[in-house]
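As structure tokens, the structure follows; a few thoughts come after it.
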Amino acid sequence: MASTKPGQRKLQILQALASMLEQPKGEKITTAALAARLSVSEAALYRHFASKAQMYEGLIEFIESSVFGVINQITEKEESGLSQAHAMLQMLLGFAANNPGMTRVLIGDALVNEDERLQHRMNQFYDKVELAFKGALRLAVTQGHGQEADVAARASLLVNYVTGRWHRFAKTGFKLNPMEGTSLQLSLLLAA
């Protein structure tokens with residue numbers, strides 16, 4: 001790792017952290033274990049991140065930019081509000097399936113005993129996802145699907161569905177794919 005550039009080293013640290021989070025047992029990750037995984041000293045980690053909390057913030061930033069970047073693409077591409085909501089649901093479940101370590105961050109497992117601002121930031125993430133669902137569902141109402149009075153409750157239900165699938169995925173040691181068997185469920189959730 002000695003010949004890597006600083007930006008690459010930061011990325012390597014975050015990739016190693018995400019990889020360690022993919023372990024189904026979900027043991028607490030220490031900076032010593034992370035440093036050993038990378039064959040560097042703990043001091044080398046702290047040259048790139050002031051704290052372990054900053055490392056987790058780097059993962060959260062990746063999650064936010066990935067998820068909201070795709071949500072923006074969906075809302076630009078899909079004209080139907082129901083299609084937007086459906087695509088967002090599939091993307092959120094697929095993101096977890098493709099990033100098991102990040103799923104532990106999404107559900108807060110990895111953030112237990114860490115700085116509480118990290119969990120606060122994930123709560124804000126959920127609020128933004130719910131807001132995106134509200135936007136899609138309000139568009140669906142203008143297109144004759146559903147009622148405005150139900151938008152907030154339905155958006156909350158969709159967020160709770162996604163987080164439930166994420167929890168189940170993590171709690172099964174990443175064996176139960178969050179995408180598995182969702183076709184009928186998504187149809188029922190989005191029925192007007």
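Listed here are the helices (runs of 4 or more DSSP H) enclosed by region 103-192 that have at least 1 residues being among the acidic types (Asp, Glu) and out of contact with any Ser or Thr (no Cβ under 7 Å at 6 or more places or on another chain): 116-142. Just to verify a result, which residue in region 1-31, among those that are of a type in the set (A, V, I, L, M) and open to solvent by 50 Å² or more (accessible area, probe 1.4 Å), is modelled with the highest pLDDT? Applying the filter and picking the extreme gives Leu11.
Please enumerate the residues belonging to region 25-70 that are of a type outside the set (Lys, Arg), in contact (Cβ under 8 Å) with a residue 60 or more places away in the chain and under 30 Å from Met91 (Cβ atoms). Give the derivation first.
Here is the first cut: in region 25-70, the residues of a type outside the set (Lys, Arg) are 26-27, 29-36, 38-46, 48-51, 53-70.
When the remaining residues are screened for being in contact (Cβ under 8 Å) with a residue 60 or more places away in the chain, the result is 26, 29, 51, 53, 56-57, 60, 63-64, 67-68.
Once the filter is applied, which keeps residues that are of a type outside the set (Lys, Arg), in contact (Cβ under 8 Å) with a residue 60 or more places away in the chain and under 30 Å from Met91 (Cβ atoms), region 25-70 yields Gly26, Ile29, Ala53, Tyr56, Glu57, Ile60, Ile63, Glu64, Val67, Phe68.
Within region 145-162, is even one residue open to solvent by 40 Å² or more (accessible area, probe 1.4 Å), among the charged types (D, E, K, R), free of Cβ contacts under 8 Å to residues at least 24 places away in the same chain and under 22 Å from Pro100 (Cα atoms)? No; the residues of region 145-162 include none that is open to solvent by 40 Å² or more (accessible area, probe 1.4 Å), among the charged types (D, E, K, R), free of Cβ contacts under 8 Å to residues at least 24 places away in the same chain and under 22 Å from Pro100 (Cα atoms). Just so you know, in region 37-48 the residues that are out of contact with any Ser or Thr (no Cβ under 9 Å at 6 or more places or on another chain) and of a type in the set (A, V, I, L, M, F, W, C) include one that is surrounded by the fewest Cβ atoms within 10 Å (Cβ to Cβ), and it is Ala43. Listed by position, the helices (runs of 4 or more DSSP H) contained in region 5-77 that have at least 1 residues being at positive phi form an empty set.
The values are calculated or read from the model by the stated rules, or taken from the named source; none is laboratory data. Since the model is a prediction, treat every value here as computed from it, not as a measurement. Heads up, the Cβs are rebuilt from the backbone with ideal geometry, glycines too, and the neighbour counts pull from every protein chain shown. Note: accessible area is taken over every heavy atom of the protein model, side chains too, but ligands, DNA and RNA are not part of it. Shrake-Rupley method; radii C 1.70, N 1.55, O 1.52, S 1.80 Å.
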